[in-house]
Amino acid sequence: MEDQKTLAILAHVLGIFTGFLGALIIYLVAREDQPFAKAHAKEALNFQITMALAAVISGILILVIIGILGIIAVSICTIVFSILAAMAASRDEEYRYPVSLRFIK
């Protein structure tokens, strides 16, 4: 179970530094007999993809100035929600990001 917990925490924390790539690697590496790690990696991957899309949209909106606020909001949301998710994983709890589209079911 400790390996699953470690993978789950890493899936969330790596998202701060690597975007969706860290969560994707952990999602692919986690075996089917590691449901806790797989579930957290899937949740982190969905969140990081959502944040990447929001960052792209904000990047386009920089032309209208409001995109700067969007980039700041995406950055803050990524850090805060990833830390909250990692803390939940360390307590062996499931976590659902409040602002996440479910791309991977």
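We did not get these values from a lab; they are worked out from the coordinates using the rules stated. Only a predicted model underlies this, so the values are computations on that prediction, with no experimental measurement involved. Here the Cβ positions follow ideal geometry from the backbone for every residue, glycine too, while neighbour counts run over all protein chains shown.
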Distance between modelled label sites at ILE104 and ILE62, nm, 7 Å Cα→Cβ extension: 2.8 nm
Whole-Hz ³J(HN,Hα) from phi, Karplus 6.51 cos²θ - 1.76 cosθ + 1.60, for region 9-21, glycine and proline x: 5, 4, 4, 7, 5, 4, x, 5, 9, 10, x, 7, 5
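Quick one: order SER58, SER90 by neighbouring beta-carbon count within 10 Å, fewest to most.
Placing the least packed residue first, the sequence is SER90, SER58.
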Cα-based Kirkwood hydrodynamic radius, region 2-90, one decimal, Å: 13.2 Å
